[in-house]
Amino acid sequence: MDLCLYTSWFSPFARKAALGLELKGLSYRAVDALERDFRPQLQKLNPRTEVPVLTDGDLVIVNSSDILQYLDWRYPEPALYPAAIAERVAARALERLADQRFDPIIVDCSYWNWADRDDKPPPGLREAGQRDLEIVLGRVEAALALRPKPWPFGAPGIAECAWFPNLVAARPLGFSIDEARYPTVLAWLAAMRSHPVFASDAKRTAAFLKTVSSSTHERKRLFWSGDRMEWLLARGFHDWLAAEIDAGRTAFPD
């Protein structure tokens, strides 16, 4: 076994893949592929220059969902996916909700917390984020309310890997999560926080954020693709994005 994860401890999707590896107890080498010196190597593995990428010997797996699926195919125990087909469908639906709906809100509103910016968020951005965040959390609360506690599918797996990196960041980024409206979601988050794998991930990311700098990582040009760009445009912030493009502060996948 020769596993290498091309990652970034700041990327929610890369952390999602790392959590899957660690829940399975698999040893792997981690490469911060968004560090400037490693970007050419990352581009050879993934022309879109996105993390995560997992290599297992000569095999290259791109995309966090594909990586988690591969890990269950190649290293089936302990499983990240529930055994029952209906439960797998439900777990995948929660994974997609995190990846496609929750992640864009959190990430698009986070840039002023870590990027090299001399401006403020466009008017209404955080308010739009809070409104949509509450809609998504309502869907998660409803999905989890009648499921086993603390783990909806019996043990931590793909749903937790997908949700933890962004869910744990929501309040520190200034979003509110009402305890009265979302008690099951917050109890789930508390269970993840107390689990050693997720606790280690949170500490690792916090330590990374204290050391990252513009000399080692790109912090001026923001990378846009997929659902993150879609959410921004759908909420009416196209003029702001156009100004970012005109100012040379954007990057897009090849």
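The values are calculated or read from the model by the stated rules, or taken from the named source; none is laboratory data. These numbers come from a predicted model, not from an experiment. All Cβ positions, glycine included, derive from the backbone under ideal geometry; neighbour counts span all protein chains shown. For accessibility, only protein heavy atoms count, side chains too; no ligands or nucleic acids. Shrake-Rupley method; radii C 1.70, N 1.55, O 1.52, S 1.80 Å.
Take the Cα of residue 74, go 7 Å toward its beta carbon, and the backbone nitrogen atoms of segment 29-62 under 14 Å from that spot belong to 29-30, 53-62. Listed by chain and number, the aspartates and glutamates whose alpha-carbon sits under 17 Å from that of residue 120, ignoring those within fewer than 8 places in the same chain, are 108, 239, 244.
Apolar share of the accessible surface for segment 149-239: 56 percent from carbon plus sulfur atoms, 1.4 Å probe. Counting heavy atoms of the protein chains alone, residue 151 has an accessible area of about 40 Å² for a 1.4 Å probe.
Rounded to the nearest 0.05, what FRET efficiency is calculated for residue 48 and residue 180 with R0 set to 35 Å and r the Cβ-Cβ distance?
Working: r = 42 Å, r/R0 = 1.19.
Rounded to the nearest 0.05, the efficiency is 0.25.
Stretched out straight at 0.36 nm per residue, the stretch from residue 27 to residue 214 would grow longer than its current Cα-Cα span by 64.3 nm.
How high is the relative contact order of segment 1-134, in percent, counting Cα pairs under 8 Å that sit 6 or more residues apart? Before the final figure, lay out each step's value.
On the way: 140 pairs, mean separation 27.9, N = 134.
Computed value for segment 1-134: 21 percent relative contact order.
Using a 1.4 angstrom probe on the protein heavy atoms only, line up 217, 238, 195 by accessible area, largest first. Provide the component values of the computation, followed by the final result.
Details: 217 20, 238 95, 195 45 Å².
These residues rank, largest area first, as 238, 195, 217.
Just checking the listed ones, 55, 205, 216: in the Gaussian network model of the chain with Cα springs under 10 Å, the one fluctuating most is 216. Here the contact order of segment 186-254, divided by its residue count and restricted to Cα pairs under 8 Å and six or more residues apart, works out to 32 percent.
Expressed in nm², what is the orientationally averaged projection area of the convex hull enclosing the Cα positions of segment 113-174? Please list the in-between numbers first.
Values: hull surface 21.4 nm².
Its average projected convex-hull area is 5.4 nm².
When the solvent-accessible area of segment 1-146 is split by element, carbon and sulfur atoms take up 53 percent of it, the probe being 1.4 Å. Straight-line reach from residue 210: taking Cα to Cα under 16 Å and skipping same-chain neighbours fewer than 8 places apart, the aspartates and glutamates in range are 32, 35, 116, 201, 218. Extending 7 Å from the Cα toward the beta-carbon at both residue 37 and residue 155 defines two label points whose distance is 3.9 nm.
Taking GluC sites (Glu not before Pro) that fall in a DSSP loop and have at most 16 other Cβ atoms within 10 Å as cut points, what is the longest piece of the chain between them? Please list the in-between numbers first.
Values: sites that count: 179, 218.
Of all site-free stretches, the longest is 1-178.
Between the entries (i) 18.9; (ii) 20.4; (iii) 18.2, the label attached to Kirkwood radius over Cα pairs in Å calculated for this structure is (i).
Using heavy-atom solvent-accessible surface (probe 1.4 Å) with all chains present, what is the largest-first order of 192, 229?
229, 192
Counting only DSSP beta bridges whose two residues both lie in segment 1-91, roughly 65 percent are antiparallel.
Short-range pairs are left out: with C-alpha atoms under 8 Å and at least six residues apart, the relative contact order of segment 101-254 is 32 percent.
Result for the chain in a Gaussian network model with C-alpha springs under 10 Å: among 85, 158, 61, the largest mean-square fluctuation is at 85.
For segment 1-76, what is the accessible area per residue in Å² when the probe is 1.4 Å?
Working: 3440 Å² over 76 residues.
Here the residues of segment 1-76 average 45 Å² of exposed surface.
What area, in nm² and to one decimal, does the C-alpha convex hull of segment 152-254 cast on average over all directions? If you can, show how the numbers build up before the last one.
Details: hull surface 37.1 nm².
For segment 152-254, the mean projected area of the Cα convex hull comes to 9.3 nm².
Label 7 Å along Cα→Cβ of residue 131; segment 142-182 residues with amide nitrogen under 20 Å? What the label zone holds, given the 20 Å backbone N cut-off, is 174-178.
What FRET efficiency do you get for residue 200 and residue 113 if R0 is 22 Å and r is their Cβ-Cβ distance, rounded to the nearest 0.05? Walk me through the intermediate numbers first.
Details: r = 22 Å, r/R0 = 1.01.
Efficiency computed from Cβ-Cβ geometry: 0.50.
Using a Gaussian network model of the chain in which every pair of alpha carbons under 10 angstrom is joined by a spring, one finds that among 225, 215, 27 the greatest mean-square fluctuation is at 215. A 1.4 Å probe run over the protein chains yields, for segment 151-216, 43 Å² of accessible area per residue, whole-number rounding.
Counting only DSSP beta bridges whose two residues both lie in the chain, roughly 60 percent are antiparallel.
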